[in-house]
Amino acid sequence: MIHSNQIFIGTMSGTSLDGLDLCAVEFTENSFHIHATETFEFSAEWRNRLNAAFTMSGLELQQLSVDYGKFCGECINEFVARHNIKVAYIASHGQTIFHTPQTGLTVQIGSGAHIAATTGISTICDFRTLDVAMGGQGAPLVPIGDQLLFSQYDYCLNIGGFANVSMQQGERRIAWDICAANIVLNEYAQKYGLAYDDNGNLGRKGECNQELLQKLNQLPFYAQAAPKSLGREWVEREITPILQTSTSTSLSNHFDIMRTFYEHCGYQIGKTLQGKNTKTLCTGGGVCNSLLVEIIERYAESTLIVPLQEIIHFKEALIFAYLGFLRVQCKANCLASVTGARKNVCGGVIWEV
């Protein structure tokens, strides 16, 4: 059982592989106070190792999980010392490598035992597996935080490697992944030696190709009802072949592909955010991309609200800290109405030190 005035650190590293987000936060029921936030950018070596993880043998992947756990622990030690904070628990998302809930599998690396051992702080990890075992998607997990911490908004939109949204439907919270986002756009930016497409500057150089746009918008995933979630495997199976075919045939350069994918993303996100008197909280790195936001606004009816920078960039880390806060109280932290599981669950493995 936790006591008041305890600080939790939430960690998040997403599919866009831009770095490890840390948020130190204190909770009182359904409110919070952020003490400190920081992003530890991945080195080229770490980005390459994490990118290659899905090709590794079982032994190699387990070793990477240990190494990544130690790396996370070292970052947390530096963060705690720099901000002079006393921490009760770490709630670590880990790095998703495999996510195929239809087969009962979800894998996030970053050994919680090694984080705990490196920091000397009790660590909670592996938040998704129990929900998947209960027949759920294991994603998204953030909506319970949206419901309890950001209830003043009609929609909570996050744009990272993938775009996802949550909303209230009567007494139920529902949520789903909308489409791929930075996981694709970053890959094309990297062809030009850039980690990401700052403000859509590369995308603005191209023109939208209607034939390619139609192919993307007709993917079967978009016709499926929620709950539904996306992973790298879906991108490689569904998105990549379409873009590669377009490169070799009808489109002359990567700028056109990027501009078309921006339109696709903006359309899929925008058509989700309907209702003229509604408000949408917008977070995640994609919110800083002015081209993408312009396109979303063209299709959305809802008013887009961009919050303070620490909420834009650290909301997911904040909410993972909240999932840890709920876990140590043995309260549900994963909603069946969101994931499709048989019941709400209290997910997460606790490594006490």
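The values are calculated or read from the model by the stated rules, or taken from the named source; none is laboratory data. Please read all numbers here as calculations on a predicted model, not as lab measurements. Heads up, the Cβs are rebuilt from the backbone with ideal geometry, glycines too, and the neighbour counts pull from every protein chain shown. The protein model used for the area step is the full one, side chains on, heavy atoms only, and it has no ligands, DNA or RNA in it. Shrake-Rupley method; radii C 1.70, N 1.55, O 1.52, S 1.80 Å.
If we scan region 85-100, do we find a residue that is without any contact (Cβ under 8 Å) to a residue 24 or more places away in the chain, within 28 Å of L335 (Cβ to Cβ) and in contact with a strand residue (DSSP E or B) (Cβ under 9 Å, 6 or more places away or on another chain)? Steps first, answer last, please.
Taking region 85-100 first, the residues without any contact (Cβ under 8 Å) to a residue 24 or more places away in the chain are none.
No.
If you scan region 28-55, which residues turn out to be within 21 Å of the chain's Cα centre (by Cα), open to solvent by 50 Å² or more (accessible area, probe 1.4 Å) and of a type in the set (S, T, N, Q)? Steps first, please.
Just the residues of region 28-55 that are within 21 Å of the chain's Cα centre (by Cα), to begin with: 32, 34, 36-44, 46-54.
Those left that are additionally open to solvent by 50 Å² or more (accessible area, probe 1.4 Å): 32, 39, 41, 43-44, 47-49, 51, 54.
Of everything in region 28-55, those that are within 21 Å of the chain's Cα centre (by Cα), open to solvent by 50 Å² or more (accessible area, probe 1.4 Å) and of a type in the set (S, T, N, Q) turn out to be T39, S43, N48, N51.
Across region 260-281, which residue is nearest to Y196 (Cα to Cα) among those that are of a type in the set (D, E, K, R) and open to solvent by 40 Å² or more (accessible area, probe 1.4 Å)? Steps first, answer last, please.
Kept after step one, since they are of a type in the set (D, E, K, R), are these residues of region 260-281: 263, 271, 276, 279.
From what is left, the residues that are open to solvent by 40 Å² or more (accessible area, probe 1.4 Å) are 271, 276, 279.
Values: K271: 25, K276: 32, K279: 28 Å.
In this case the residue turns out to be K271.
Quick one: in region 16-27, which of the residues that are open to solvent by less than 80 Å² (accessible area, probe 1.4 Å) and of a type outside the set (A, V, I, L, M) is nearest to G161 (Cα to Cα)? Break it down into steps so the answer makes sense when it comes.
Taking region 16-27 and keeping what is open to solvent by less than 80 Å² (accessible area, probe 1.4 Å), we get 16-17, 19-27.
Okay, now just the ones that are also of a type outside the set (A, V, I, L, M), so 16, 19, 21, 23, 26-27.
On the way: S16: 5, G19: 12, D21: 14, C23: 19, E26: 27, F27: 28 Å.
Here the residue is S16.
Could you tell me which numbered condition L212 fails, if it satisfies all but one of (1) surrounded by 16 or more Cβ atoms within 10 Å (Cβ to Cβ); (2) not in a helix (DSSP H, G or I)?
Failed condition: (2).
Would you check which residues across region 308-322 are aromatic (F, W, Y), touching a helix residue (DSSP H, G or I) at 6+ places or on another chain (Cβ under 9 Å) and within 11 Å of L22 (Cα to Cα) and list them? Step through it out loud before you land on a result.
From region 308-322, those aromatic (F, W, Y) are 314, 320, 322; that's our starting set.
Next, from what is left, pick out any that are touching a helix residue (DSSP H, G or I) at 6+ places or on another chain (Cβ under 9 Å): 320, 322.
Across region 308-322, the qualifying residue is only F320.
Results for (1) crowded, with 16+ Cβ neighbours inside 10 Å; (2) at pLDDT below 95; (3) more than 28 Å from L50 (Cα to Cα); (4) within 23 Å of the chain's Cα centre (by Cα), shown as yes or no for each residue.
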{"residue": "A223", "(1), (2), (3), (4)": "no, no, yes, yes"}
{"residue": "V235", "(1), (2), (3), (4)": "yes, no, no, yes"}
{"residue": "I239", "(1), (2), (3), (4)": "yes, no, no, yes"}
{"residue": "S248", "(1), (2), (3), (4)": "no, yes, yes, no"}
{"residue": "F255", "(1), (2), (3), (4)": "yes, yes, no, no"}
{"residue": "M258", "(1), (2), (3), (4)": "yes, no, no, yes"}
{"residue": "T283", "(1), (2), (3), (4)": "yes, no, no, yes"}
{"residue": "E294", "(1), (2), (3), (4)": "no, no, yes, yes"}
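Only one of (1) at pLDDT 95 or above; (2) closer than 22 Å to I9 by Cβ is not met by T96, so which one is it?
Among (1) at pLDDT 95 or above; (2) closer than 22 Å to I9 by Cβ, the lone unmet condition for T96 is (1).
Have a look at Y89, Y155 and point out the one that is open to solvent by less than 40 Å² (accessible area, probe 1.4 Å) and within 20 Å of the chain's Cα centre (by Cα).
On the way: Y89 fails: within 20 Å of the chain's Cα centre (by Cα).
Only one candidate passes the filter, namely Y155.
Tell me the residue from V338, V287 that is over 30 Å from E211 (Cα atoms), in contact (Cβ under 8 Å) with a residue 24 or more places away in the chain, surrounded by 21 or more Cβ atoms within 10 Å (Cβ to Cβ) and of a type outside the set (F, W, Y), please. Spell out how you get there, then give the answer.
Working: V287 fails: over 30 Å from E211 (Cα atoms).
Of V338, V287, the one residue that is over 30 Å from E211 (Cα atoms), in contact (Cβ under 8 Å) with a residue 24 or more places away in the chain, surrounded by 21 or more Cβ atoms within 10 Å (Cβ to Cβ) and of a type outside the set (F, W, Y) is V338.
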